[in-house]
Amino acid sequence: MKARYVLGVLAVVAVWRMCSARHDASADPDGLQAGVVPGGFMFAMGDDVIGYRIAELDRNGHEVRVLPVDLKRDARVVGTPKGSAIGWLDRKRLKLAALDADGGYGNATTWGNNVRQLCEGAASNEYRFGVGFVESDGRVRIVHGPMGSTRVLAEPVVTNAALAGASWCGVASAEQNIALFWREGSRLLLSFCGHDACSDVVARVPIERGERVVGFGCIRDSCLVAARGKRGATRLLHVSEDGRVTVTSLDTDPDVDRPVRIVGAGPRAFAMSYYAKDGWTKVVRVTIDGARTELDRAGSPGSLILAWANGKLLLGFGSGATHVVDLQP
């Protein structure tokens, strides 16, 4: 099986065959999103009820500007060469807009034909941005582009590839690549896509029956996936592009169903936040060899979102506070 991107001018749409959605990694219960903009980070709070507050920060976590976005829709927020952008569904189409200085989104471009839902997650790092969605006929599309361009979105070229039996998709940054997850029955599969093509190699993520994905994050050629069973136990699966898998446990609180937030943090490590059994929300660095180093902790079960760029790790809290940790790869 092979799926290919065909480059447009600056943005690309890839199409895969998909079918019904599956409830795996759910949206953050506190409506937190984070990503990378030129010169720093963006941190978004909000949801389809109250709208969104998007703070753009410098590399040290200081606010550069705050954008109030009066959009009461389920949305994905990403960084682009022009700053923060927001993608949402409107009349069965994906709208994607770079925000103006007042948080306006009237310059939206339109994507898709009969969109059913947004994909889980988004890609937003110093290399690329991307938002995915599923059409009613089962196709999944990802609109993405480079961070190094002075323009944001242009008319793409569209190509098709078959993913028989898929039922869910997720998108994540993977350094210069974008990682694509999808479900085929009880199987969770993974592939890595560059700016013009996806790999022929498809890796299987060996989650068990009854488990659901509660978090995922990637580097260039591997991903860390958190899977939670019916009794609340959480496993960490490190899956490489060629299918090698290492499985370890994670000391999450089985009685508190919070997502595990994971982001690639350099070429050989991930950063992860989760609510632990001892009552702390922990931030941990995990290397590809499995070594773990605690970086920070907070004394509440509230959500904590992460973004990484150029040796800096952004921590965004449900309270609205932010903190940047120096984290050289």
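Between H195 and D70, what length comes free when the chain is fully extended (0.36 nm per residue of separation minus the Cα-Cα distance, one decimal in nm)? Let's see the in-between values first.
Details: separation 125, 0.36 × 125 = 45.00 nm, distance 3.24 nm.
Length gained between H195 and D70: 41.8 nm.
Computed from the C-beta positions of D48 and A291, the FRET efficiency with R₀ = 51 Å rounds to 0.80.
Cα centroids of segment 241-276 and segment 78-99: 28 Å apart.
Summing charges over all other residues whose Cβ lies under 15 Å from the Cβ of G40, with Lys and Arg as +1 and Asp and Glu as -1, gives -1. The aspartates and glutamates within cross-link reach of K82, meaning a Cα-to-Cα straight distance under 13 Å and a gap of 8 or more places when in the same chain, are E56, D100, E126. Between D326 and T110, full extension at 0.36 nm per residue minus the direct alpha carbon distance yields a gain of 74.0 nm. Fully extending the segment from N310 to S136, taken as 0.36 nm per residue of separation minus the present Cα-Cα distance, adds 58.8 nm. Rounded, prolate or oblate: which fits segment 12-326 when a ≥ b ≥ c are the square roots of the eigenvalues of the alpha-carbon gyration tensor, with rounded for a/c under 1.5 and prolate only if a/b beats b/c? Taking the square roots of the gyration eigenvalues as a ≥ b ≥ c, segment 12-326 is rounded.
So, counting K/R as plus one and D/E as minus one, what does the shell of residues with Cβ under 15 Å around K282 add up to?
Details: positive: R258, R261, K277, R285, R292, R297; negative: D251, D253, D278, E294, D296.
Here the count lands on +1.
Counting only lysines at least 8 places from K282 when in the same chain, those with an alpha carbon closer than 27 Å to its own are K230, K312. The packing ranking of peptides 233-243, 247-257, highest mean first, is 233-243, 247-257, where packing means the average number of other beta carbon atoms within 10 angstrom of each residue.
Sort 111-119, 168-176 by the packing proxy (mean of other Cβ within 10 Å over each peptide's residues), most packed first.
Numbers: 111-119: 18.4, 168-176: 24.0.
Peptide ranking by packing, descending: 168-176, 111-119.
Computed over neighbours whose Cβ is under 9 Å from that of T110, the net charge equals +1, Lys and Arg +1, Asp and Glu -1.
Think of segment 12-326 as a dipole: +1 on every Lys or Arg Cβ, -1 on every Asp or Glu Cβ, centred on the Cα centre; then among A276, V140, G318, V140 lies furthest on the positive end.
Throughout, read-outs are computed from the coordinates displayed, never taken from laboratory work. Note that the structure is a prediction, hence the values are computed from the model and not measured. Note that we place each Cβ from the backbone using ideal geometry, even for glycine, and neighbour counts take in every protein chain shown.
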